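First comes the structure, then the notes that go with it.
Each value in this text was obtained by applying a stated rule to the coordinates, not by laboratory testing. Bear in mind the structure is a predicted one, so any value in this text is a computation, not a measurement. Neighbour counts run over all protein chains shown; Cβ positions are idealised from the backbone, glycine included.
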Amino acid sequence: MGAVRDYFGNIASALTTTAKGMSVTLHHFRNEPPITVQYPFERMNIPDRYRGLHILEQDKCIDCHLCAKACPVDCIEIEAIHHGRTLEWKKFTIDYKKCIFCEFCIPPCPVDCIHMTTEYELATDNVDDMTEDLLSWTGLRPEDQFAIEASEAKKAGKAAPTKAATAAPEGGGDDDDKAAKIAAIKARMAKKS
Amino acid sequence: METLIGVFEQQLGLEGVWALSAAYSVCIGSLLGFITVYAMFAIWMERKVAAHMQVRMGPMETGAWHGWAQSIADAVKLLFKEDIIPSQSNKVMFWIAPAVVFCGVFAGFIVIPFALGLQIADLNLGIFFLISIASIEVIGVIMAGWASNSKYSLFGAIREAAQVVSYEIPTATALLVPILVVGSFRLDDFNLWQEANGWLIFHSPWMMLAGLVFFISSLAGCKRAPFDLPEAESELVSGFHTEYSGMRFSFFFLEEYASMFVASAVMATLWFGGWTIPFVDMSTWTDPDSFGLSDVAVTSIGIVVLLAKTFFFIFVQMWLRWTLPRLRVDQVMTLGYKYLVPWGFVALVMTAIFKYYGWGWFPN
């Protein structure tokens, strides 16, 4: 009897399981909208804390190199010339061929100026494009020039020059007079107290 | 066909063999055009059905609306692809195998009645012709598998041979059941009988069983999932057409979708009333008293009705493909010989008894 029961049991289970499976696929076909998106035109929602390409708030950055030191694969390269507190930027590059998107560069930043975005498109046909420069400007902006000249003028005890007077940028600024510097610090301390 | 020959003889003044060949050319040309357009549509439909059953979108870009031109783009691509023939293959057989495969299915189309009187050959042994001619396809597949000189192709061809030869028994047995009730092998007789009496599927439970047996075994005959062992992508690369590319490959593809159409059209004609609409007598529509439609209009309605029913069964075939996993070789044989063959004979014998005593839900 076992074989007969198996035989009819097989038929019954084949029919019921097929019907069940077909109802599942029909439900998908009729009631469930596609969960995929037309990628280049639309994108899936990405979590805000996704670790994508970096972004730099350059005017906050103080060129402390802590992010570069934290990086386990040494993919960050920073070069800048200090004019007092004003920075003359040379480069701030991240080599995405090396970057492992570990986010170790974000927490050490003392001024919270480097962030990761949700952007993830890296594909390119040129290897050099994989190294991205995060700087929004290089060298000195007019206001940087103005700030440098203002501080120099202050040190020299002169009135601050107008912006128009600083149209032509001057190279250098490292030749600070030590005495003038100390005087300036002293003046500031006195002002504070 | 005869009508067409008459038209050519009388209207164009062609004689004898010229009228005959002209009529043949028109029939074959229109049928080829129909199969090509249908296959492109069916491939697009299959991709969309598959996608939506898997909660995807399928082709969306080619052509403006839902990727409707995807099949056309694919066909153009296949036409321009290089025709690669393996150097170790049997070249003659490799060349003609796709043609043989396609011919078997193409010949099946000529007996399908698309509407009243609209069939290329009105054979009085139509179903018998259909069963016999469908077997030619197997020869083509075996030729392709053998000529490719590849182990995957040969395995696919052997599986195809075993499967199709096994499943021809339940197919033929199940087809005998409606033949028994209607008493004719001519396909249009089934339409006329069902127009008068109602769909054959509702004749008796045994007719339903026969319909189910025919549908399952026609799936195996078309190499459709879950019986797609001859192709079996996960095991045999691509089965018997592994070594084919370009235009020859597209012939195998065309053949698969064409045989789906033939199987579905036979299912619709024999069990589901063909081009007739239930409870409607279409033969009165040409009367000026009722609708006063022209013959062409009634014929077009018949074509639309048959195509609707056929596409329903094609949809069910696609639906099953994306529901069921592929059977093992031994499971295919078990299903064929231990389940379908006995139940096909049960349906045949019980229908014979029902017919003898005049039982059934509508006696004939």
Item checked: Dipole-positive endmost among B:Trp343, B:Gly63, A:Tyr96 within the protein assembly as shown (Cβ charges, Cα centre) -> A:Tyr96
Note to self: Kirkwood Rh and Cα-based Rg: tell me the resulting Rg over Rh for chain B, rounded to two decimals.
What the structure shows: 0.98
Checklist line | Ranked B:Asp83, B:Asp189, criterion: other C-beta atoms within 10 Å, fewest first | finding: B:Asp83, B:Asp189
Checklist line | Spatial separation of Cα centroids for region B:79-135 and region A:49-70, in angstrom | finding: 68 Å
Notebook entry, point to check: Rounded to the nearest 0.05, what FRET efficiency do B:Lys91 and B:Ser135 have when you use their Cβ-Cβ distance and R0 = 30 Å?
Noted result: 0.75
Margin query: Give the aspartates and glutamates reachable from B:Lys48 as a straight Cα distance under 13 Å; neighbours fewer than 8 places away on the same chain don't count.
Written below: B:Glu61
Notebook entry, point to check: Of the GluC sites (Glu not before Pro) in region B:52-152, which ones lie in a loop per DSSP and count no more than 10 other C-beta atoms within 10 Å?
Noted result: B:Glu82
Checklist line | Partner chain coverage, peptide B:59-69 - average Cβ within 10 angstrom | finding: 1
Note to self: Using the basic label-point model (7 angstrom from Cα toward the beta carbon), what is the B:Ile169 to B:Glu235 distance in nanometres?
What the structure shows: 2.1 nm
Next item on the list: Let me know the charge dipole size of chain B about its Cα centre in debye, to the nearest 20, where only the beta-carbon of Lys, Arg (+1) and Asp, Glu (-1) is charged.
Entry: 1160 debye
Checklist line | Over region B:20-131: Kirkwood hydrodynamic radius from C-alpha pairwise inverse distances, Å | finding: 17.2 Å
Check: With θ set to phi - 60° and the Karplus curve 6.51 cos²θ - 1.76 cosθ + 1.60, what are the ³J(HN,Hα) couplings of region B:198-207 in order, to the nearest whole Hz, using x for Gly and Pro?
Finding: x, 4, 5, 4, 8, 5, 6, x, 6, 5
Item checked: Neighbouring partner chain Cβ atoms per residue of A:24-31, average, 10 Å criterion -> 5
Margin query: Distances longer than 24 Å among the Cα atoms of region B:91-189: what percent of all pairs is that?
Written below: 34 percent
Next item on the list: Give me the net charge of B:Val181's neighbourhood, meaning all other residues with Cβ under 15 Å from the Cβ of B:Val181; Lys, Arg count +1, Asp, Glu -1.
Entry: 0
Check: Ranking B:Tyr244, B:Tyr152 by Cβ neighbours within 10 Å, fewest first, what do you get?
Finding: B:Tyr152, B:Tyr244
Notebook entry, point to check: Could you give the dipole magnitude of the protein assembly as shown about its Cα centre, charging the beta-carbon of Lys and Arg +1 and that of Asp and Glu -1, in debye to the nearest 20?
Noted result: 1720 debye
Item checked: Protection proxy ranking of B:140-147, B:41-48, A:113-120 - average other beta-carbon atoms within 10 Å, highest first -> B:140-147, B:41-48, A:113-120
Notebook entry, point to check: Hey, got the average number of other protein chain Cβ atoms within 10 angstrom for residues in B:339-347?
Noted result: 1
Note to self: For a quick check: sort A:Lys60, B:Lys223, B:Lys355 by the number of other beta carbons within 10 angstrom, fewest at the front.
What the structure shows: A:Lys60, B:Lys355, B:Lys223
Item checked: Simple spin-label estimate for B:Ile353 and A:Thr117 in nanometres, 7 Å along Cα-Cβ -> 7.9 nm
Check: For the protein assembly as shown, what is the largest minus smallest coordinate of the Cα atoms on each principal axis, given in angstrom and ordered from greatest to least?
Finding: 125, 73, 61
Notebook entry, point to check: What ³J(HN,Hα) values, in whole Hz, does the Karplus curve 6.51 cos²θ - 1.76 cosθ + 1.60 give for region A:127-135 when θ = phi - 60°, with x put for Gly and Pro?
Noted result: 4, 5, 5, 6, 8, 9, 8, 8, 6
Item checked: Near-label residues of region B:133-170 by backbone N, under 15 Å of a point 7 Å along Cα→Cβ of B:Glu82 -> none
Check: Mean residue ellipticity at 222 nm from the helices of the protein assembly as shown, using -39,500 (n - 2.57) per DSSP H segment of n ≥ 4 over the full residue count, to the nearest 500 deg cm²/dmol?
Finding: -18000 deg cm²/dmol
Next item on the list: In whole Hz, with x marking every Gly and Pro, tabulate ³J(HN,Hα) for region B:35-50 from phi via Karplus 6.51 cos²θ - 1.76 cosθ + 1.60, θ = phi - 60°.
Entry: 4, 5, 5, 4, 5, 4, 5, 5, 5, 4, 5, 4, 5, 5, 4, 4
Notebook entry, point to check: Given B:Met207, B:Leu320, B:Val182, which one lies farthest toward the positive end of the charge dipole of region B:84-357, if we put +1 on the Cβ of every Lys and Arg and -1 on the Cβ of every Asp and Glu?
Noted result: B:Leu320
Check: Roughly what would the spin-label model give for A:Glu132 and A:Tyr50, points 7 Å off Cα along C-beta, in nm?
Finding: 1.2 nm
Check: Using modelled backbone amide H atoms (1.01 Å from N, in-plane), which distant-in-sequence or interchain residues come within less than 5 Å of B:Ala69's amide H?
Finding: B:Gly63
Check: Say we join alpha carbon atoms closer than 10 Å with springs in a Gaussian network model of chain B; which of B:Pro178, B:Pro86, B:Pro226 then has the biggest fluctuation?
Finding: B:Pro86
